[in-house]
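For reference, the structure is listed below as structure tokens.
The values are calculated or read from the model by the stated rules, or taken from the named source; none is laboratory data. Bear in mind that the values here come from a model prediction, so they are computed numbers and not experimental data. Positions of Cβ are backbone-derived with ideal geometry, glycine not excepted, and every protein chain shown enters the neighbour counts. For accessibility, only protein heavy atoms count, side chains too; no ligands or nucleic acids. Shrake-Rupley method; radii C 1.70, N 1.55, O 1.52, S 1.80 Å.
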Amino acid sequence: MKGRRVDVGVVGGSGYAGAELLRLLAGHPGFKVSAVAGQRSAGQDMRAVFPHLGLEGTIGQADLDTLRGCALVFLATPHTASLTLAPQLLDEGVTVVDLSGAFRLDPATFTGWYGEDHTAPALSPAPYGLPELFRAALPGAPLIAVPGCYPTAALLALAPLAGLVDPAGVVIAGLSGASGAGKGLRDDLHASHAMANVAPYGAPNHRHAPEIEQGWATLAGLDQPAAVTFTPHLVPMARGLVCTVSARLTGGICASAVRAAYAGAYEAEPFVTLLGESNWPATAHVRGANTAHLGVALDARTGRVTAACAIDNLVKGAAGQALQAANAATGLPETTGLPIAAVYP
Ligand SMILES: NC(=O)c1ccc[n+]([C@@H]2O[C@H](COP(=O)([O-])OP(=O)(O)OC[C@H]3O[C@@H](n4cnc5c(N)ncnc54)[C@H](OP(=O)(O)O)[C@@H]3O)[C@@H](O)[C@H]2O)c1
């Protein structure tokens, strides 16, 4: 696909993650958006659906006719729609980058956590689109499962600790702005409730828990996934996400060894910044960028290490990461078309 602009489609372009993809794709030198599709918004003018994008054209039906001519399609859709669309597109030779949870887990684990049979078990798990940790499988992959927003931050925070901590008993607190739930309305997302409120939700059965466990098992070289305790919280802002992980250090590990592990893991990664000692990441410093900021400290009193990662859930946690993975899949430099500078304040 090198050397020319690749025609791409965005299904779910009328949703939060899809709209963010369209914003990023508008400045991408290697990909050209030639189709945008949705469900209820099909037939509507792009300018009416998302005035901030300045795009012309009409949102199409999510079918092969609308997407004909696309070499690569991003599915920014619920997992149910991805399960239907991805096999059809793959049959047509189209590369699929799926932002949903449809293809992240092995089918049995998927069924256990989603409460439904996997209708395309041969496709799952697909190569996991978290390039900093699992880049090897991405070049040329026909289907990529883009990680969830919480697993992205949690696994970036956890990865350097592999071999330094007890892999069991990891505790993770996740905090996310309301856009993490998509644009649909729920009682707890009403402005009158959400905008002056912080509350946990979904614990201990959030669907991102098995995804974190699966990634952590691979990173830590475990035969079986070790259970992690994951508690997400909804915080009163539109976008931004932090995961703070806590794990028990194995004997003899000192603070300088922990910092060296993080520095070594990420020194060559353009999107990951390890903050200085005593500094903790903030969502305000990653807003709109495809970046992850990390802080880490050893607590000698408890024998535990605390690491925190801040991302923009819609960029490094969704659309930006999808684009980074698509760049890798098609042989482009991973950084192509992706912002490192954030919007501040
Ligand atoms: N929001 C995040 O921070 C985030 C982060 C990582 C991953 N994700 C994942 O990305 C996907 C999209 O999330 P989102 O937050 O953008 O959700 P959203 O705002 O609710 O948007 C969903 C999009 O999917 C479209 N859609 C729904 N059912 C469809 C169907 N049957 N066929 C075709 N299109 C359909 C909707 O179209 P209409 O509007 O036209 O009905 C809309 O464009 C989800 O799988 C989500 O889990 C989201």
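Computed log10 I(q)/I(0) for region 210-258 at 0.14, 0.22, 0.25, 0.26 Å⁻¹: -0.55, -0.98, -1.05, -1.07, from the Debye equation with unit scatterers placed on every C-alpha and solvent omitted. Calculated accessible area for region 30-133 comes out at 44 Å² per residue, all protein chains present (probe 1.4 Å; ligands, DNA, RNA ignored). For region 271-276, the Karplus equation 6.51 cos²θ - 1.76 cosθ + 1.60, evaluated at θ = phi - 60°, returns couplings of 9, 10, 10, 8, 6, x Hz by residue, with Gly and Pro reported as x.
Can you tally the net charge around Q324? Count Lys and Arg as +1, Asp and Glu as -1, for every other residue whose Cβ sits under 12 Å from the Cβ of Q324. Can you show the working numbers first?
Details: positive: R135, K316; negative: E132, E269, E334.
Residues close to Q324 contribute a combined charge of -1.
Sorted on the mean count of surrounding Cβ atoms within 10 Å across their residues, most packed first, peptides 181-193, 99-111 read 99-111, 181-193.
Net charge dipole, the chain: roughly 660 debye, given to the nearest 20, about the Cα centre with Cβ charges of +1 for Lys and Arg and -1 for Asp and Glu. Within the shell defined by Cβ-Cβ distances under 14 Å, the residues around A17 carry a net charge of +1, with Lys and Arg each +1 and Asp and Glu each -1.
A cut-off of 5 Å between modelled amide H atoms, ignoring neighbours fewer than 5 places along the same chain, links G60 with V36, A37, G38, G43. Placing pseudo-labels 7 Å out from each Cα toward the beta carbon at A268 and T335 gives an inter-label distance of 1.4 nm. Other residues whose C-beta falls under 15 angstrom from the C-beta of G202 contribute a net charge of -1, scoring Lys and Arg +1 and Asp and Glu -1.
Counting DSSP beta bridges with both partners in the chain, what percentage is antiparallel, nearest 5? Please report the intermediate quantities before stating the final value.
Numbers: 26 of 56 bridges.
So the antiparallel bridges amount to about 45 percent of the total.
Helix 149-158 versus the longest principal axis of the chain: what angle, 0 to 90°, nearest 10, using Cα atoms? Computed tilt is about 30 degrees. Rounded to the nearest 20, the size of the Cβ-charge dipole of region 249-334 about its Cα centre is 220 debye, with Lys and Arg at +1 and Asp and Glu at -1.
Plainly put, region 185-276 has a radius of gyration that is 1.05 times its Kirkwood radius, both from alpha-carbon atoms, as the Rg/Rh ratio. Specify the residue with the greatest mean-square fluctuation among P127, P232, P270, computed from a Gaussian network of the chain linking alpha-carbon atoms under 10 Å apart. Most flexible of the set in this elastic network: P270. I need the P(r) histogram for region 141-214: all alpha carbon pairs, bin width 5 Å from 0 out to the longest distance, whole percents. Percent of pairs per bin, in order: 3, 11, 22, 21, 17, 12, 8, 5, 2, 0. For the chain, taking the reciprocal of the average inverse distance between every pair of different Cα atoms yields a Kirkwood hydrodynamic radius of 20.3 Å.
Go through E92, E211, E269, E56 and list them by solvent-accessible area, largest first, probe radius 1.4 Å.
On the way: E92 110, E211 5, E269 25, E56 145 Å².
So the residues, ranked largest to smallest area, are E56, E92, E269, E211.
Need one number: the % of Cα-Cα pairs in region 83-216 sitting beyond the 17 Å mark. So the pairs more than 17 Å apart make up 65 percent of the total in region 83-216. For the chain, the fraction of 1.4 Å probe accessible surface lying on carbon and sulfur atoms is 54 percent. In region 290-337 the Cα-Cα distances spread across 10 Å bins starting at 0 as 25, 32, 23, 15, 4 percent of all pairs. The C-alpha atoms of region 240-345 occupy a region whose extents along the principal axes are 45, 32, 19 Å, arranged from largest to smallest. Which of A238, A173, A153 moves the most in a Gaussian network model of the chain with Cα springs under 10 Å? So, out of A238, A173, A153, the one fluctuating most is A238.
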